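One structure is given below, encoded as structure tokens.
The values are calculated or read from the model by the stated rules, or taken from the named source; none is laboratory data. As the structure is a prediction and not an experimental result, all values here were calculated from the model. Neighbour counts run over all protein chains shown; Cβ positions are idealised from the backbone, glycine included. All accessible areas refer to the heavy atoms of the entire protein, side chains included, with ligands and DNA or RNA removed. Shrake-Rupley method; radii C 1.70, N 1.55, O 1.52, S 1.80 Å.
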Amino acid sequence: MMNWPLHCLRVNLTHGDVTLEEIPESYSRMYLGGQGFNTRRLWESVTPGLDALNPDNPLIIGIGPLSGTLAPSSGRFTVTAKSPQTDIFGDSNCGGFFGPEMRCAGYSQIMITGRSEKPAYIFIDDDRVEIRDAGHLWGLDTWETQEQIRAACGVDIQTLCIGTAGENLVRFAGILSGLSSAAGRTGTGAVMGSKNLKALTLRGSRDIPVARPDEFLATCREVFEDIRNGFLPDWCTPNLMEINAALSGGLLTRGGVRDAAWMSGGSGIVKTGGERLIRDFMVKRRACFNCPVACKPVYRVREGPYGGLYGEGPDWGITMIAPTLDVRELEPLLSMNNLFNRYGLDSISFIFMAEWAFRCFENGIISERDTGGLQLEWGNAEAVIHLIRQTAQKEGFGRILAEGERRAPKLLGRGSEVYMDHIKGMSEGPPRIKGGHAPGYITSTRGADHLRALFVPPAVPGDLVEKYFPDLETFGPGTGERGLEGWGRGLKYFENFNAAVNASGLCIFPNSISVGPRNLKDFPEKIARLISSLTGMELEGSDLLRIGERIYNLQKAFNAREGLTVQDDDYSSAKALQDLPHMAKQYPGRVPIDEYYRDREALLSEYYMARGWDPETGLQIRETLAELDLEEVADELERYSALGKRSHVTREGG
Amino acid sequence: MMRISVDVNKCTGCRTCEIVCSMVKNGLINRRRARIRVYRDEMTGLDMPVFCIQCTDAACMQACPNSALSQDDVSGIIRVDAEACTGCGQCADACPIGAIVMDRDAEVPPICDLCGGEPECVAWCPGGALHLGEDASGLDEYVKELQGLPEKRIDKWRRWAEALTG
């Protein structure tokens, strides 16, 4: 008996049906759980061309076999749906305590379809499942919603919910849990809103049995120590400002920043970075479930115009506001963080949507007439705050921003498209870290995103490599090489590994080999050992990487079936990228994106070949899919003319 | 006498202590069976571990109608005589800080025994919030925070959190 419950709870909100379905046992070996199970489920459930806001688009929540256990940082779960933002494969991984609670309730997956006639929330207490009226919750923000639900259901529950942005179907709305845990990306909150589903609340009390307790306990301790000895535990997520500055060689800023040297150099970072937050505003640090890193600072602003502000966990997105929109004070950034969390709005997409609006304003494409008097000028923090409110509430110019990267420029017209640089419908700006990190944004299966590949090691400066990545040269093919040479194989390796970590229920932040502890090359093996000793399902590190490869290929196939081609493996507007005068002047020859554009075709075909895909069209070929036991996926792709030609290169191992 | 103590400002609310307790004591994972509990208030940022502090003249011991509980003279650890215990739960009701929570699937109450002198929760605590030592100076304050009925406690913590963060 395997200690990994293969139960999927299905709730149809149109009919009010609740059913329990068994997930095929073979899927646990093929897809592991979490992101893997969800990817498979979405592939099977969605007909190509389906409108993501159609009730038939499923909202899928999945945990992994390690979720909610003693395995360090095992608080994660994945929310998956076809994305209303990008119209392709969408998912977002989230921390906090919901995943572990779901594990104790006994479900590995929850799938919600249909549309409730009236606002509803789902309450789950182990076997008991109820669809309840949420009329009194509709209109509340995510913090108020959770307070209300706790008052009604008890303090010992965990809740996922949407805020104003999700209710209003803002195409990059997220789903929140707690003060600041968010499944932020790809617009899963809008999918939830389209179902009239305000929240999902659960309590679980079941035991999680352990197949080999001694081995599991010892391996957990080993990984725990690995993470503690890495560099993360000293830092909070806002320190990414400093880390990015170091890894990018001082290159932090976007075109709108008036004084790039100030912002990227010492002064800007000192004023808006993580160290300042920790010193001046942090009350304490908070962690997700069983995590030794505790990356979330709880902050309190005591005085000044933002006095009384209280919140938690500014993350990656918030560290990008200063170097993108030229905001030079930390307090408004913390205020924005609270707004993103309370409205349930993806901070990353918002920032680059706002940058697009600012550029349109700067170039006379829009004026105060369009913005209702808002001066969209670089550094105007008040304007940014207004824009967040308007976007979540779909008022004023926010009506246009709310439509997301693909639709907003079309809606506005006037040649505004050139100022928007998304990939596959999602934006994150050009990566500021050199090396394989940059092309990783382009190959990501959910649009521009740093987390699919998180391919950082080649960009790490030499002295840090020695300290934190002593085995860099030896642990993976191609990963040790500096610059972009050999990056195709390295990128593939990291994408596969991260997909497997996401499927396992662990957090990739401490557990991914790209940012994690020393002795990185042993990590797939250690995680496999965690899974084996917990579940009794025997796995090796190589199995884990193969599972990751299968998951990644299935996501790629989903997108190919939707009609994506090699042209989509690119930024939407090269002009937007090249229109970075400050950067180019200040850092000649050091812009990572320049490297990328110089060698784009060669780089991509190297990656496709490493993956065993057609190097010209970027499409998957039958042989590669068959090797991954995905022959039926090849059949399906053939029906949609989305299968590549047999390439002369065979898939490389690893 | 050795006791566990907590620096609440260092508690990150991660619940590692609960998980490792159930793992070591029950050989499985279920934080609802742990001998240490973290009361975590998502919205105020308060995280408060609750554990047995080996009170003198322990109320749990006195409340037991079957004399199933006894206290070690030297360590202060409360021992449960599984033969005599009927699982009535009066010890849990009597505990002034709510450190005993009956396990619905176990026959006797789960009471902390300090893991024989080296508590696993202390060894694993990632934030360095839990300590084992003889210093009892923070004890009164800790007890004061936790006193009251469980349902009222949350209001106390909320006020406490506001004082902490305000």
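Can you tell me which residues in the stretch A:195-221 are modelled with pLDDT of 95 or more and open to solvent by less than 10 Å² (accessible area, probe 1.4 Å)? Correct list: A:LYS195, A:LEU197, A:LYS198, A:ALA199, A:LEU200, A:THR201, A:LEU202, A:ILE208, A:PHE216, A:THR219, A:CYS220. Considering every residue within the stretch A:231-238, establish whether at least one is under 23 Å from the mean Cα position of the chain (by Cα), open to solvent by 10 Å² or more (accessible area, probe 1.4 Å), within 10 Å of another protein chain (Cβ to nearest Cβ) and modelled with pLDDT under 95. Yes: one or more hits. Return yes when A:ASP87 is open to solvent by 10 Å² or more (accessible area, probe 1.4 Å) and at positive phi and no when it is not. Yes.
For the stretch A:355-379, the set of residues classified as in contact (Cβ under 8 Å) with a residue 40 or more places away in the chain and in a loop (DSSP other than H, G, I, E, B) consists of A:ASN363, A:ILE365, A:ILE366, A:TRP378, A:GLY379, listed by residue number.
Do we have A:VAL129 as at pLDDT below 95, outside any helix (DSSP H, G or I) and open to solvent by 30 Å² or more (accessible area, probe 1.4 Å) here? It is false that A:VAL129 is at pLDDT below 95, outside any helix (DSSP H, G or I) and open to solvent by 30 Å² or more (accessible area, probe 1.4 Å).
Close contacts from the stretch B:111-132, counting a first residue that is within 14 Å of another protein chain (Cβ to nearest Cβ) and open to solvent by 20 Å² or more (accessible area, probe 1.4 Å) and a second that is of a type in the set (Val, Ile, Thr) and part of a helix (DSSP H, G or I), with Cβ to Cβ under 6 Å and a gap of 6+ residues or different chains, come to B:GLU120/B:VAL20; B:GLU120/B:VAL24. Taken over the stretch A:293-318, the criterion of being open to solvent by 10 Å² or more (accessible area, probe 1.4 Å) and within 7 Å of chain B (Cβ to nearest Cβ) is satisfied by A:ARG300, A:TYR310. A single member of A:ALA120, A:ALA71 is more than 14 Å from chain B (Cβ to nearest Cβ), under 30 Å from A:GLU22 (Cβ atoms) and buried (at least 20 other Cβ atoms within 10 Å of the Cβ), and it is A:ALA120.
A search for C-beta distances below 6 Å between a residue of the stretch A:273-290 that is under 24 Å from A:ASN511 (Cβ atoms) and more than 14 Å from chain B (Cβ to nearest Cβ) and any residue that is open to solvent by 40 Å² or more (accessible area, probe 1.4 Å) and modelled with pLDDT of 90 or more, counting only pairs 6+ apart in sequence or on different chains, returns nothing.
Among the helices (runs of 4 or more DSSP H) confined to the stretch A:148-234, the ones with at least 3 residues that are over 30 Å from A:THR391 (Cβ atoms) and in contact with a Ser or Thr (Cβ under 8 Å, 6 or more places away or on another chain) are located at A:213-229.
If you take the residues of the stretch A:6-37 that are open to solvent by less than 10 Å² (accessible area, probe 1.4 Å) and part of a strand (DSSP E or B), which of them is farthest from A:GLY68 (Cα to Cα)? Applying the filter and picking the extreme gives A:VAL11.
Taking the criterion of being of a type outside the set (Gly, Ala, Ser), within 13 Å of A:PRO323 (Cβ to Cβ) and not in a loop (DSSP other than H, G, I, E, B), the residues of the stretch A:255-298 that qualify are A:TRP262, A:MET263, A:ILE269, A:LYS271, A:THR272. Considering (1) buried (at least 24 other Cβ atoms within 10 Å of the Cβ); (2) within 14 Å of another protein chain (Cβ to nearest Cβ); (3) of a type outside the set (Ser, Thr, Tyr), the lone condition that A:ALA173 does not fulfil carries the number (2).
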